[in-house]
């Protein structure tokens, strides 16, 4: 999905990358996260299905990310894989890595695009009342 979508934009993998499913992923602050791309290793690491469900259940209900509870588990997992593959391909196609928000924008677009219409609607509508994200 990510490769086909980015190919339409003229972006294709230039190097082999790997995807590894792990029981835990932490960011630079030590917080548990869903996945991460490690450019130096050309490695996308993503929580395994069970670990993902455990982390999703731990998200406080008032956190915007709690929307992940309302998505089908398999679809959520697939969308996270697409997200990390997006990071890999974008990284490989630029001579200078983009700033983090640009990287996350592209990966997030791919992730949301990989969802079914119903899940995409649930996901996007969960942010409709946030004045920062609202167009109105």
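The values are calculated or read from the model by the stated rules, or taken from the named source; none is laboratory data. Every value quoted in this text rests on a predicted model; they were computed, and no experiment measured them. As a convention, Cβ positions derive from the backbone with ideal geometry for all residues, glycine included, and neighbour counts pool all protein chains shown.
Per-structure values
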quantity	calculated
Pairs with Cβ under 6 Å, 6+ apart, first in segment 52-72 and without any contact (Cβ under 8 Å) to a residue 60 or more places away in the chain, second surrounded by fewer than 14 Cβ atoms within 10 Å (Cβ to Cβ) and in a helix (DSSP H, G or I)	56/69; 59/65
Segments classed as strands (runs of 3 or more DSSP E), wholly inside segment 1-96, with at least 3 members that are modelled with pLDDT under 95 and out of contact with any helix residue (DSSP H, G or I) (no Cβ under 8 Å at 6 or more places or on another chain)	none
Qualifying position, being more than 16 Å from residue 2 (Cβ to Cβ) and surrounded by 19 or more Cβ atoms within 10 Å (Cβ to Cβ), among 52, 124	52
Filter pass, residue 102 being out of contact with any helix residue (DSSP H, G or I) (no Cβ under 7 Å at 6 or more places or on another chain), assigned to a helix (DSSP H, G or I) and within 27 Å of residue 126 (Cα to Cα)	yes
Segment 30-49 - residue that is touching a residue at least 40 places away in the same chain (Cβ under 8 Å) and over 14 Å from the mean Cα position of the chain (by Cα) and, of those, farthest from residue 1 (Cα to Cα)	39
Residue in segment 8-16 that is within 17 Å of the chain's Cα centre (by Cα) and under 20 Å from residue 78 (Cβ atoms) present	no
Residue list for segment 98-118, restricted to those being exposed (fewer than 13 other Cβ atoms within 10 Å of the Cβ) and in contact (Cβ under 8 Å) with a residue 24 or more places away in the chain	116
